[in-house]
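The block underneath contains the structure these notes are about, expressed in structure tokens.
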Amino acid sequence: MTARQIADLVQGDLIGRASVDLVSAAPVSSALPDQLSFWQRGHANDRLPETRAGCVIVDEQTQAPGITLIRVQDPRRAFAKALRAIAPSEAAEWSAAPSADVAGSAELGRGVEVGAHAVIAAGAAVGEGTLVGPNAFIGQGAVVGRHCTLHPGAKVYGNARLGDRVVLHAGAVIGSQGFGLVFADDHYERFPQIGGVRIGDDVEIGANACVDRGTLGNTVVGTGSKLDNLVHIGHNCQIGSHVVMAAQVGLSGGVVVDDYAVLGGQAGIGEKARIGARAQVGGQTGLLPGKRLEAGGSYWGTPARPLREQLGRQARVSRLPRIFAELRRLRARIGELEGH
């Protein structure tokens, strides 16, 4: 794509050579003359560093004579949009493979591509334009929407329904058995998990992440939510729209996460807890079963507390060695006085 085409795509103001051809992208420090990059002002850096990039997407105030620029309000967001347009797709290499196993009763829409050794079971439905990667699996009766991407080794059990434009990265598992157990006498027995999974439109689920099926009803991940690698969603969880979870977040069964909440890496949420809309949960936070975090708040620590309160606790803990030293000095002084 040319710099002009990219500027039109991101609705930015082009300064410099409109005809420069850009075939890929790279960081501003290492980009070459045929590569696109972006740069955003930082606290300690308000000048664009020296670069060989063919074009740089920047904010509306940046000046850089001699460098082709595209000025936009949000450089990072604009660069992401441009990157989707110029970056080669892994899925473009996948084609209908002779080794794929597609049941005769499966329904495939126009333009569906199925990679080597992928399996689409009886009664499954796959929407138009969907790409099913090598070794991926779509179970009996599963529904996958339009223009989805199942990367190599992704698994969709038959109880799952995926919306449009869903992305499952390698090894993601949708609809696996929920961890429901009943203690009987001296051992555990499985509580049958017969529910399903419902994934909304524009959801992205990371590599080796798991979304368990519901016990009786459905586990739900709402429209636009993004789950990072190694996230685990337990049975009957209800995840709202546009929720973001970083790597290794774990949700026990029956957790509710409302719209636009953000969960940092390795946060652990106990069963039937609730996280309010637009709440921000810091990394490694632990929320106990049945507890609730209010909408819009920022939380951290185990057990989870409001961020400001938790930071105050941390500050007081850091002062304990000095306090104990002072206490020992005072005790010694009291001992001296009492000795007289």
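Please give me the summed charge of the neighbours of residue 16: other residues whose Cβ is under 13 Å from its Cβ, Lys and Arg +1, Asp and Glu -1. Could the numbers behind the result be given before it?
Numbers: positive: 4, 17, 71; negative: 13.
Spelling it out: positives minus negatives among the neighbours equals +2.
Can you tell me the equivalent ellipsoid semi-axes for the stretch 112-201? Use √(5λ) from the Cα gyration tensor, largest first, whole Å.
For the stretch 112-201, the ellipsoid semi-axes come out as 29, 13, 11 Å.
Once amide H atoms are built 1.01 Å from N in the peptide plane, which residues 5 or more positions from residue 292, or in another chain, come under 5 Å H to H?
The answer is 274.
If the elastic network links every pair of Cα atoms under 10 Å, which of 243, 317, 119 fluctuates the most in the Gaussian network model of the chain?
In the Gaussian network model the winner is 317.
So I have (i) 1.30; (ii) 0.95; (iii) 1.02, and one of them is Cα Rg over 2.2 N^0.38 Å calculated from this model. Which one is it?
Comparing each candidate, only (i) matches the computed number.
Counting alpha carbon pairs within less than 8 Å and at least 6 residues apart, what relative contact order, in whole percent, applies to the chain?
With pairs under 8 Å counted, the relative contact order is 6 percent.
Running a GNM on the chain with Cα contacts under 10 Å, which residue among 220, 197, 58 ends up with the highest mean-square fluctuation?
58
Add +1 for every Lys or Arg and -1 for every Asp or Glu among the other residues with Cβ under 10 Å from the Cβ of residue 7, and state the total.
Taking every Cβ under 10 Å from that of residue 7, the sum is 0.
What length, rounded to one decimal in nm, is gained on full extension from residue 288 through to residue 316, with 0.36 nm per residue of separation minus their alpha-carbon distance?
Using 0.36 nm per residue and subtracting the Cα-Cα distance, I get 7.7 nm.
Which of 280, 63, 266 moves most in a GNM of the chain, Cα contacts under 10 Å?
The residue with the greatest mean-square fluctuation here is 63.
Using θ = phi - 60° and the Karplus relation 6.51 cos²θ - 1.76 cosθ + 1.60, list the HN-Hα couplings for the stretch 148-155 in order, rounded to whole Hz, with x at every Gly or Pro.
For the stretch 148-155, the Karplus-derived couplings read 8, 10, 9, 6, x, x, 5, 10 Hz, x marking Gly and Pro.
Hey, if you put +1 on the Cβ of every Lys and Arg and -1 on every Asp and Glu Cβ in the chain, which of 194, 114, 129 ends up farthest toward the positive end of that dipole?
Of the options given, the answer is 194.
Bear in mind that the values in this text are calculations on the coordinates, not laboratory data. Note that the structure is predicted; figures quoted are calculated from it, not measured. For neighbour counting, all protein chains shown are included, and Cβ atoms are generated from backbone atoms with ideal geometry for every residue, glycine included.
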